[in-house]
Every structure is written in structure tokens, then in C-alpha cells.
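The values are calculated or read from the model by the stated rules, or taken from the named source; none is laboratory data. Nothing here was measured: the structure is a model prediction, and the numbers come from that model. Because the Cβ atoms are built from the backbone with ideal geometry, glycine has one as well, and the counts that use them run over all protein chains shown.
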Amino acid sequence: MNRCPKCGATEIQLRPSVGMLVCLFCRHEWAEKRLDETIANGDLSRLRGTTVGSGATDIAADAGALITMKCGGCGAEVVVNTAEQMGSRCHWCRHVLTVNEQVPNGAVPDAVLPFSTTHAVAVAKIREFAGKRRLFADRTFVREFTPENVVGAYLPYMVVDGNVSADVAGFGEVQTRRYTRGTGNHKTTYYDADVYEVHRRIDFTVDDLTIEASSERAHMNSAVNTNNVINTILPFDTENAVKWNASYLTGFTSEKRDQDVAQMTPVLEHQLLSIARAQVEPSVQQYDRGVRWERERVQVHGTRWVAMYLPVWLYSYYHEKNGTAMVHYIAVNGRTGETMGSVPVSKPRLLAAALTVGTVVEGIVIAMMGAT
């Protein structure tokens, strides 16, 4: 049971404007310890093996969503469905019970990054985003657009630190000659280049790399929804995450993790290779025609995995046309206010605009030709 450290009340919720928990009884405000104060955060280059936080352990195959909690106020037992909520109220003494202990179903992470963007700010951001696309938006969407229906949601991520080495090998080209053959409309440009074998090895560390822990968003189906917009509002300031406290979820929804470390390791290695390529890029600038990497290998010496809830404001709109359904989303980063999304487009309006622009351009060209 979460209690106010000043008066002991259990009526607690987040105040997004300051990122603090507030007691609804005595109005005392406080925050949980930052995650880096509770988890060893030493030299990342010394990481060895795989370290997994208690909230990032493998999900038990037989783990159910229902758990039974004992009320700390009167001793009564209360059943909580963690698939729908992370807390409940005791029906006898009215104390608020929240799930703070790790349970093996992926519902309880190690840390949470609290909302700092308010509902009012999120509404304004979504209204501004949709307003800029209003001209070409589907008319039904414009009529039914209600940004006040935006929902605050905590989405599950794994935040990973790593100690890594990578090897990349391939061929780089340096241009030695450029020439043209042919006449008229049949000219062809040729390039001569010296080709070199290129090999690079790099040792590096990564700090707070975020990986989606929801299989639904990790394996996106763009044919039926646009939830891939979540990736476009990154990054989050995960260094400001605090130790898990279910009271931060009061008034918000949450989505539990359904992927384990083993399932996300290939995604991690793919991202690490991308980082390695970017790291070696400055060392191959002399190959002015580019480098083609043909062999790549990443060696992970050590990782630390922490399960974390990240804050997102979500506006969704179900759009169906000609028998095809699509769910459009507009997402707002709950920390930075970064906004991205999609709106259903009116194809007739888009076509009319294209034809209008084409006519204007054609008129300008004709006028220029006439002037000469």
C-alpha cells in the first residue's frame, strides 16, 4: 500500500505540471528516488554478462492478470485485475491499494518516467497538428475531431545499457576520373575509381537505449493502424525516471510488457550495428564514392536491462472508407511535447490541389517562354 509520507493517507496521484506525487488529503508533495540512485550506475565499459532488473525478468507462462492483495488498513483481501488497472480501493475501509511489488506477468516495471506535459498542453499540441493538415483532411474527420478525448498512457519499454565491440568490413571507393561519352541525348557519364578493402573495429558503450517491449508495436501492422508514430516522438529523458510507484499511474492508462529480454535481443543487436556504422563514419570520409559494408559483427560484452513505463498522450480516430478500416493516431511525448501522427486524407481534395499546382506551374513556364 502506498501512503503519504507525511499523513499516511492513500489518496495519491501525479501532478504533471511539476512531476510530483501529491497527497489529496494533506496536499503534501514528493517524488520517488531517481532510478540512477537505486540501481548501480558505474562505468559502463565494465559491464559483463546480462543484468536484468526485477521488473524485466521473463514473464511466467502461467502468470495470470488477477492478483490478491491484503489491505494494510483493515486486513481484507482485494482482487486486482492487472490487465485493466494497477490499483483498487478496499471495499471495507476505502483505502487505496496499488501494485508495487513485481508480479511475473509483465505489468510491473522497475521504473516510471512521470508525465510532465499536462492534458491541456497535449490537447493544444494535437489541435495544432491536425489544424495544419485540415485542408487535405477527410471531411468526416474534421467534423468529428475532438482533441479533448486524448488519453494519457504509460507504454512499456526496455531501457538498455551496453558494453559493446563491433567489426565491419567491406570496400571503399575513391574516384580517380569522371568523363562523358556520346552526343546529344545519348550521353553517358562514366566514373573510374580505386577500390580499397576497408576494416574497422570499434569499442563503445550505450546508455539508456530504448526498445519497445510491446509485441503489437514492435511488429507494426501499417495496414490497419498507424501506431508506429510512437517511434517518431522519441527520445525520452529516461535519465529522469524514478523508482516504480503505482501512484504515478493514477488517472492514466497503461499497457503491460509482453516481450522478454531474449525476444528483444535481436532488435538490440540491430540497433547496436547501426550505432557502430555511425561511429566509424568519420574515419572513412576519404572514400568519396562511399563504403559498402559486406561483413558486420557485433560482440556484446555486457548489458543491463531495466523495464520502464514511458508517458505518451494518444489521440485515436477510427476511419472506414470503401470497406477498409484504419485507426489513425496522433501522439504527444508526455515529457517534451514532441508531436507526430496521421490523419485520414481526402483524396479528391488532394487531387484538386495537385491539379491546381500543376496548372500554376504550367502557366509560369508558358509565361517565361513567351517573355523570351
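Here are the numbers for this structure:
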| read-out | value |
| --- | --- |
| Check on residue 213, farther than 30 Å from residue 284 by Cβ, within 31 Å of the chain's Cα centre (by Cα) and surrounded by 13 or more Cβ atoms within 10 Å (Cβ to Cβ) | yes |
| Conditions (1) of a type in the set (Ser, Thr, Tyr); (2) touching a His at 6+ places or on another chain (Cβ under 8 Å); (3) at pLDDT 90 or above: number failed by residue 190 | (2) |
| Residues of region 9-27 classified as under 21 Å from residue 89 (Cα atoms) and at pLDDT 90 or above, total | 11 |
| Count of residues meeting criterion [touching a strand residue (DSSP E or B) at 6+ places or on another chain (Cβ under 7 Å), charged (D, E, K, R) and outside any loop (DSSP other than H, G, I, E, B)] in region 128-165 | 1 |
| Residue satisfying all of: in region 37-53; among the aliphatic types (A, V, I, L, M) and either at pLDDT below 90 or assigned to a strand (DSSP E or B) (or both); nearest to residue 305 (Cα to Cα) among these | 52 |
| Out of 271, 279, sole residue that is part of a helix (DSSP H, G or I), among the polar types (S, T, N, Q) and over 17 Å from the mean Cα position of the chain (by Cα) | 279 |
| Selected residue [in contact with a Phe, Trp or Tyr (Cβ under 6 Å, 6 or more places away or on another chain) and at pLDDT 95 or above] from 206, 195, 229 | 195 |
